[in-house]
Amino acid sequence: MRSGPIAAVTLWWGGRSALQATILALVLFGGFLLVSNTLANMERFGITPGFAFLEHPAGFEIGEAPIDYRPQDSYALALLAGLLNTVKVAAVGCLAATVLGVLLGVARLSGNALLSGLVQGYVELIRSTPLLLQLFFWSATFQALPAPRQALNPLPGVFLCNRGIQLPAFADGRAAGWVLAAAVLGTVLALAGTALHRRAGRRGGLPGMTVAAVACGLPVSLLLASGVPLRIEVPELSGFNFSGGTTVSPEFSALLVGLVVNAAAMIAEIVRSGLQAVPAGQWEAARALGLTRGRTMRLVVLPQAMRVIVPLLTSSYLNLTKNSSLAVAIGFPDLVSVINTSANQTGQVLETMAIMMGAYLTVNLAVSAAMNLYNHRLAIRGWR
Amino acid sequence: MTDGVLEATPPANHPLPRWRRLRTSLFGTPLNAAVTLACLVLLAWAVPPLLRWSLLDAVWVGPADRCADAAGACWAFIGEKLRYILFGLYDQDRHWRPAVASAILLALALVSGMPLFWRRATLGLWVCGLAVAVLLLTGEPGGPAVPTESWSGLPVSLLLAAAGLVGAFPLAVLLALARRSRMGGVRTLAILFIEVTRGVPLIAVLYVATLLLPLMLPAGSAIDKLLRAQIAIILFVSAYLAEIIRAGLQAIPAGQHEAAQALGLGYWQAMRLVILPQALRTVIPSIVNLAIGLFQDTTLIIVVGLFDLLNTARTAAKDPAWLGFYDEAFGFVALIYLTVCVAASRYSLWLEHRLQR
């Protein structure tokens, strides 16, 4: 057997060169026809092909932009705002759906017949109705909330009304960014410390308390050093609306709740099947060793179940990210909604559609690459 | 604590009577009792208001002003709007056409659920049935033509799902075979198509079909909007179906390929007579699950302005004379989807057990 790049290509290409060349040529020719038709049609309508339109002022409002965006800003900035909105919903949604889904999955397996029956009913109801219907339902629910004056107050400082959810927030806008950055830094340092400690082959000692101290202490000391006031403001009714705190819009709330409730049902099933895939003998062996139920779960069952759960969880995250495109139907300005408006305004359909496909493929590939990395680690640890 | 655990999981060879098992499961340990009480509180909080709204205080018949005074649901609204929710903008006097078309599609789905009909002739039955349903909707034979803009409601949902699955089938088989082919060029093309399609949301594919497809065609030619959505759905589903079929192909032992070769069968003969029939049979439950998802996903055609079952219900609730009965409209449609999808998923479970034997 010869090796080298030429041999590798020959091996990849396989046989039947004439047939393959014909198929490739047909596909390329078809693609060429479609693109040349598009360009001809665009010329007919007087649209210049290319991405120059991205620098033109967009001229439309975006209801809630995570960055500073005004209608006189460029299309590029509008698209970025839409993309960030999509990423925001997807990130918060995945996190919340995982927490809720794991709780439900464990509840489904609890010995309590009433609890597991309730969870089963929930899962069945969610899985048997279209997601768009659920989103319409949540959208209608959030719009039917009382006016600010009669706002519901489920927790101190939290108000629900038809203008959205009012939450307490830092009085100074910069503080939130600092807290987030410091928390991320603290977590990364703590994880790195644990990994180094493991690498050194030591057991006991450092993790636990030390890690927690680093993860919490670092953000706090950084914040104190930054000099930004850390006062927290509680929303208060003034006139016809709330002031202070932060507002989550009804559209975002409806989208987030809908996506989380939907994905949590799928994740609950994944967690259940993962836990059930661990043989009962493992539970019995752990009990014979004198481990409590909690320790058995944490040390014996979960590590094995995770190997079943993680690949399926990845596809759940990808689904949630793709499903966030339904935002366009309930009026949240996500990527698809901004793209749609841009395409209709400029006529640059080919370019905008290419951007949309490219953005979703990039986000999906990133999520799946990160999860595969994690999955790989799990699998290797299992084999050792 | 340990005693509680042991008590909670009695040995399987001494089954306790049902009520004692239930009592242990609900109140066996203090934790279980607390969980049961919490669940009961939740139910007591949620169920009575729901029952009062949907049944006790509901208005079942009568005009709109009777509903305005009632505290409960207005099911009279559903009665009044039933034909609109089911058939939408279709000409009032000829509602029998969408009704018969829907019945044909539902009957086809029921018939193909029986293992007796898992044969090649059923595919022909589907093609004929779909053709008849489409003809009925267009107004043929003997009737003025009905433009696809006024096709709406249940038949559109059923048609898009059924034609989506049947249309995607040949493409999906080719894609699955190409993805497992030893020819690198063809394999790469198949992988590219499948991964790109699975990586973007259905809404993106629908937008591409409705906005970009007209631009891609030579000047002067046009494709109907519903047909464009149908093409988008077929392409989208074919990528997912191809992966299911690939899983089925992987489950066929290599010996089957070798035996087919030893009998002197060529590649296509072996596939058609030996490999594919076995591969497809093993993945029927997965295909049923895909069909359930597809039936639900057809609701997304709302975003390109087409009227499926969900959209007709939403539009019905916008009628100024019966304003704002969204809960009733969505509840009714949810009930339809729930019935169809729960039945289908039960069927899928039954099938899995049957095929495992």
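The values are calculated or read from the model by the stated rules, or taken from the named source; none is laboratory data. This is a predicted model, so every value here is computed, not measured. Using ideal geometry, Cβ is built from the backbone for each residue, glycine included, and neighbour counts are taken over all protein chains shown. The protein model used for the area step is the full one, side chains on, heavy atoms only, and it has no ligands, DNA or RNA in it. Shrake-Rupley method; radii C 1.70, N 1.55, O 1.52, S 1.80 Å.
Each residue in the stretch B:302-357 was checked for being away from chain A (no Cβ under 11 Å), polar (S, T, N, Q) and in contact (Cβ under 8 Å) with a residue 40 or more places away in the chain, and 3 pass. Of all residues in the stretch B:62-91, those that are modelled with pLDDT under 80 have Cβ atoms under 6 Å from Cβ atoms of residues that are open to solvent by 60 Å² or more (accessible area, probe 1.4 Å) and assigned to a helix (DSSP H, G or I), 6 or more apart or on another chain, in B:64/B:321.
State whether one or more residues within the stretch A:146-159 are free of Cβ contacts under 8 Å to residues at least 40 places away in the same chain and touching a helix residue (DSSP H, G or I) at 6+ places or on another chain (Cβ under 8 Å). No - not one qualifying residue is present in the stretch A:146-159. Return the residues of the stretch B:246-275 that are open to solvent by 50 Å² or more (accessible area, probe 1.4 Å) and in a loop (DSSP other than H, G, I, E, B); say none if nothing qualifies. Once the filter is applied, which keeps residues that are open to solvent by 50 Å² or more (accessible area, probe 1.4 Å) and in a loop (DSSP other than H, G, I, E, B), the stretch B:246-275 yields B:251, B:253, B:263, B:264. When we screen B:206, B:192, B:227, B:211 for residues that are facing chain A (nearest Cβ under 8 Å) and either among the aromatic types (Phe, Trp, Tyr) or out of contact with any Phe, Trp or Tyr (no Cβ under 7 Å at 6 or more places or on another chain) (or both), the only hit is B:211.
In the set (1) assigned to a loop (DSSP other than H, G, I, E, B); (2) touching a residue at least 40 places away in the same chain (Cβ under 8 Å); (3) surrounded by fewer than 19 Cβ atoms within 10 Å (Cβ to Cβ), the condition left unmet by residue B:106 is number (1). Apart from one condition, residue A:48 fits all of (1) within 14 Å of chain B (Cβ to nearest Cβ); (2) within 19 Å of residue A:355 (Cα to Cα); (3) assigned to a loop (DSSP other than H, G, I, E, B); the exception is (1). When residues in the stretch A:341-366 are screened for being open to solvent by 20 Å² or more (accessible area, probe 1.4 Å) and either more than 10 Å from every other protein chain (Cβ to nearest Cβ) or polar (S, T, N, Q) (or both), 7 of them pass. If you scan the stretch A:282-301, which residues turn out to be touching a residue at least 12 places away in the same chain (Cβ under 8 Å) and open to solvent by 70 Å² or more (accessible area, probe 1.4 Å)? Selection gives A:283, A:299.
For residue B:243, are the conditions met, namely being part of a helix (DSSP H, G or I), among the charged types (D, E, K, R) and surrounded by fewer than 14 Cβ atoms within 10 Å (Cβ to Cβ)? Here the answer is no, as residue B:243 does not meet what is asked. Only one entry of B:125, B:137 meets the criterion of being in contact with a Lys or Arg (Cβ under 9 Å, 6 or more places away or on another chain) and either loosely packed, with under 15 Cβ neighbours inside 10 Å or more than 14 Å from chain A (Cβ to nearest Cβ) (or both), and that entry is B:137.
Name the residue, out of A:328, A:338, that is farther than 26 Å from residue A:105 by Cα and at the interface with chain B (Cβ under 9 Å from one of its Cβ atoms). Criteria check complete, one pass: A:328. For the stretch B:109-139, filtering for residues that are touching a helix residue (DSSP H, G or I) at 6+ places or on another chain (Cβ under 9 Å), part of a loop (DSSP other than H, G, I, E, B) and over 15 Å from residue B:162 (Cβ atoms) leaves 2. Looking only at residues of the stretch A:11-29 that are open to solvent by 70 Å² or more (accessible area, probe 1.4 Å) and over 24 Å from residue B:208 (Cα atoms), we find that the one that is nearest to the other protein chains (Cβ to nearest Cβ) is A:12. Looking only at residues of the stretch B:171-189 that are in contact with a helix residue (DSSP H, G or I) (Cβ under 7 Å, 6 or more places away or on another chain) and in a loop (DSSP other than H, G, I, E, B), we find that the one that is nearest to the other protein chains (Cβ to nearest Cβ) is B:183. Here residue B:10 meets the list (1) open to solvent by 40 Å² or more (accessible area, probe 1.4 Å); (2) over 30 Å from residue B:156 (Cβ atoms); (3) out of contact with any Leu (no Cβ under 7 Å at 6 or more places or on another chain); (4) at pLDDT below 85 almost entirely, failing just condition (3).
Just a yes or no: is a residue in the stretch A:118-127 surrounded by 16 or more Cβ atoms within 10 Å (Cβ to Cβ), farther than 30 Å from residue B:202 by Cβ and within 14 Å of chain B (Cβ to nearest Cβ)? Yes, the conditions are met somewhere in the stretch A:118-127. Among the residues of the stretch B:83-99, the one identified as assigned to a helix (DSSP H, G or I), among the hydrophobic types (A, V, I, L, M, F, W, C) and open to solvent by 60 Å² or more (accessible area, probe 1.4 Å) is B:96. Within the stretch A:30-54, the set of residues being hydroxyl-bearing (Ser, Thr, Tyr) and surrounded by 13 or more Cβ atoms within 10 Å (Cβ to Cβ) comprises just one member, A:38.
Looking only at the stretch B:140-194, residues that are of a type in the set (D, E, K, R) and at pLDDT below 90 come to 4 in all.
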